[in-house]
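Below: the structure, in structure tokens.
The values are calculated or read from the model by the stated rules, or taken from the named source; none is laboratory data. The shown structure was predicted, so the numbers you read here are calculated from the model rather than taken from an experiment. Note that we place each Cβ from the backbone using ideal geometry, even for glycine, and neighbour counts take in every protein chain shown. These area figures cover heavy atoms from the full protein model, side chains too; ligands, DNA and RNA do not enter into them. Shrake-Rupley method; radii C 1.70, N 1.55, O 1.52, S 1.80 Å.
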Amino acid sequence: MDSEVTPVHTEITLVVNGTEHRLRVDTRASLLDTLREDLGLTGSKKGCDHGQCGACTVLLDGRRANACLALAVAHDGAEVVTVEGLARDGRLSPLQEAFIEQDGFQCGYCTPGQLCSATAVLDEADRGWPSAVTGDLSADPVLDDDEIRERMSGNLCRCGAYMGIVRAVREAARKTETEEARA
Amino acid sequence: MRPFVYERATSADEALRLHEDGAFYLGGGTNLVDLMRLGVEEPARLVDVSRLPNGEIELRPDGSLLIGAAVSNSDLAADRTVRESHPMLAQAVLAGASGQIRNLATVGGNLLQRTRCSYFQDADKPCNKRNPGSGCPAREGEHHNLAILGHSEACVATHPSDMAVALAALDATVHVQGRDGERTTPLRELHRLPGNEPQRDTVLDPGDLITAVEVPPLDIPSRYRKVRERASFAFALVSIAAALDVEGGTVRDVRIALGGVAHKPWRALRAEEALRGAPAIGEEFQRAAEAELDLAEPLRDNAYKVPLARNLIVRTLTELGEQS
Ligand SMILES: Cc1cc2nc3c(=O)[nH]c(=O)nc-3n(C[C@H](O)[C@H](O)[C@H](O)COP(=O)(O)OP(=O)(O)OC[C@H]3O[C@@H](n4cnc5c(N)ncnc54)[C@H](O)[C@@H]3O)c2cc1C
Ligand code: SF4
Ligand code: FES
Ligand code: FES
């Protein structure tokens, strides 16, 4: 057989939604295909496979990332959270609840990516990360609708549920803030 | 995708050792993995340099920055020091890609990302950059977002990086480790014009590893602005990184670099020259912008970029003049 087409396999470890998995992967496998095909976690979606739609967004070592552009082998040892891991002890996260309350989806195909992305948006804003629409870079940003739209711009929605998505993120941000103020 | 061997390097020396013919360095993979999937790049080996011990940003006593090549685009833009000391750089990084891509993307990979010319990305089409001598279909085909300055018969592609445009305006220097040791290259000389070798985006040799980017201090008002086809998450039609220092109504110092117009970040030296010592007024900004854009050779479908670039220069300098 032509050595050029012989696949190369490697052993890696991934901690996905809190569970450690030892896997043998083709070096060419994306994190997305590994999650979907090897681990059966089909929540993360393949919309484009080119980084352009955000449907595959997961949390990779705590940060949102396009699982379609990440090679599984390059993330040996990583902690991954997919949409399946956002709920805690059977309870939806405040953001997931807000997506339901605010009509943040229609067909739902983009929703797992929107949810993972928005989860990170709340965290990034908490850490004071700016965005392209942040006027004063030296100040801490406030998550208004313009900020939410810009920060969520890596997640496309063919159904055009954007209005509901912005509302949901805004509501979840508000809820988390009030909870933090109470704590 | 062609099978490949994956190696993770833990030091620059090891990365160079692991790099052999047919190998590519891997940063975040946001450009390279995409091009591999498209069949445009076919490495036999990937040497992962995203975890080298150069993932830090250092503010030096003289106010310059030393940014490690493995720093993620997100960390660069979020860094408090960078936001205070070089706001234009943070703005340029934030103007690029999406939040999730910037988390994966590294500084080294951002500089060496390849053109978004649609023929280059389609392995079934001719393209001098991908397959030297096969021709340039973009010249007569789809080129509305390609170059107006410095292009050649062989290639009319643009360099897509926003960050590199700010670094060109900032007179940054790139630290490179190659087979013959370490050296530095001014960022403005890193990327090339296409000439008759469009397959070479940069002056780097195979195996050269970018280890860091050094940015001199900047203490004058600056900003990055980008015009694109939608409000966010799109490559630049035209972008500008500018800095302006006005004293007593006269331009003391000015930097202008344009993105989306050429095969490399385009430092508008002619416009800068025309402005130094001139009154900081709209007519002078206009005259300087026109002097620069006299060099433009727009293609059939991208002449709109000429007035767009001119207006972007005038408007951005006017705003900076008001802050100065
Ligand atoms: C949908 C989409 C939209 C985008 N929009 C924008 C945009 O608006 N503006 C913009 O600027 N960019 C944009 N990008 C491009 C993005 O910024 C780049 O893909 C990213 O910066 C590349 O960094 P990386 O670390 O992922 O590089 P990789 O993909 O890992 O590598 C890119 C190249 O650099 C080489 N390389 C990597 N590190 C080194 C090193 N240290 N030394 C030597 N060689 C090295 C690799 O071999 C490869 O050839 C977009 C990308 C996508 C997918
Ligand atoms: S412009 Fe350059 S990259 Fe595009 S088709 Fe022509 S040669 Fe290829
Ligand atoms: S599937 Fe990853 S961004 Fe579209
Ligand atoms: S809800 Fe259908 S794509 Fe977003």
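Taking the DSSP bridge list for the protein assembly as shown and keeping only pairs wholly inside it, about 85 percent are antiparallel.
Can you give me the Cα centroid spacing of the range B:114-163 and the range A:25-47 in angstrom? Answer, in whole Å: 33. A straight chain from B:SER118 to B:ASP13 at 0.36 nm per residue would run longer than the Cα-Cα distance by 34.2 nm.
Taken over the protein assembly as shown, the percentage of Cα pairs per 20 Å bin, counting from 0 up to the bin with the maximum distance, is 22, 56, 21, 1. Taking the Cα centre of the range B:222-323 as reference, the dipole from Cβ charges on Lys and Arg (+1) and Asp and Glu (-1) amounts to some 480 debye. Heavy-atom accessible surface, probe 1.4 Å, ligands and DNA/RNA ignored: which residues of the range B:33-77 lose at least 10 Å² versus the isolated chain? Residues meeting the cut-off: B:VAL33, B:ASP34, B:ARG37, B:LEU38, B:ARG51, B:SER74, B:ASP75. In this structure, the amide hydrogen of B:ASP253, modeled 1.01 Å from its nitrogen in the peptide plane, lies closer than 5 angstrom to those of B:ASP245, counting only residues at least 5 positions away or on a different chain.
Look at where the Cα atoms of the range B:236-279 and of the range A:90-123 average out, and the two centres are 44 Å apart. Selection among B:MET88, B:ASN73, A:LEU31 by position relative to the dipole of the protein assembly as shown gives A:LEU31 as farthest towards the positive end (Cβ unit charges, Cα centre). Globularity index of chain A is 1.10 (Cα radius of gyration / 2.2 N^0.38 Å, N = number of residues). Cross-link pairs exceeding 30 Å in C-alpha to C-alpha distance, out of A:LYS46/B:LYS264; B:LYS129/B:LYS305; B:LYS129/B:LYS226; A:LYS46/B:LYS125; B:LYS125/B:LYS305; B:LYS125/B:LYS264, comprise A:LYS46/B:LYS264.
Between chain B and chain A, the total buried accessible area stands at approximately 3300 Å², from heavy atoms with a 1.4 Å probe. Accessible surface for the protein assembly as shown, divided over its residues, is 42 Å² per residue with a 1.4 Å probe. Bridges between two residues of chain B, per DSSP, are antiparallel at a rate of about 85%. Taking the Cα centre of the protein assembly as shown as origin and assigning +1 to Lys and Arg Cβ atoms and -1 to Asp and Glu Cβ atoms, the resulting dipole is close to 880 debye. Working from the Cα coordinates of the range B:197-304, the gyration tensor eigenvalues give, after taking √(5λ), semi-axes of 27, 20, 15 Å in decreasing order. Summarising the amide proton neighbourhood of B:HIS159: residues at separation of 5 or more, or on other chains, whose placed amide H is nearer than 5 Å comprise B:GLY260, B:ALA262, B:HIS263, B:LYS264.
Tell me whether chain B comes out rounded, prolate or oblate; compute the Cα gyration tensor, take square roots of the eigenvalues as a ≥ b ≥ c, and use a/c under 1.5 as the rounded threshold. Cα axes put chain B in the oblate bin. Magnitude of the charge dipole for the range B:1-49, about its Cα centre and with charges confined to Cβ atoms of Lys, Arg (+1) and Asp, Glu (-1), is about 140 debye. Shown is the FRET efficiency for A:MET163 and B:GLU290, computed with R0 = 56 Å from the Cβ-Cβ distance and rounded to the nearest 0.05: 0.80. For the protein assembly as shown, carbon and sulfur atoms together expose 47% of the accessible surface, with a 1.4 angstrom probe and every protein chain in place.
For chain B, relative contact order (Cα pairs under 8 Å, six or more residues apart, normalised by length) works out to 17 percent. Considering only B:ALA280, B:ALA212, B:ALA70, the mean-square fluctuation computed in a Gaussian network model of chain B, springs between alpha carbons under 10 angstrom, is largest for B:ALA280.
Between B:ASN131 and B:GLU319, the FRET efficiency estimated from the beta carbon spacing at R0 = 51 angstrom works out to 0.70. Cα-Cα pairs above 22 Å in the range A:94-182: how many percent? Distances greater than 22 Å cover 22 percent of the Cα pairs.
Averaging Cα coordinates gives a centre for the range B:37-71 and one for the range B:181-229; these two points are 13 Å apart.
Across the range A:32-138, Cα pairs under 8 Å and at least six residues apart give a relative contact order of 28 percent. Farthest toward the positive end of the dipole of the protein assembly as shown, out of A:ALA120, B:SER11, B:ALA147, is the Cα of B:ALA147, where the dipole comes from beta carbon charges about the Cα centre.
Each of A:HIS75, A:HIS21, A:HIS9 has its accessible area taken with a 1.4 Å probe; listed largest first, they run A:HIS9, A:HIS21, A:HIS75.
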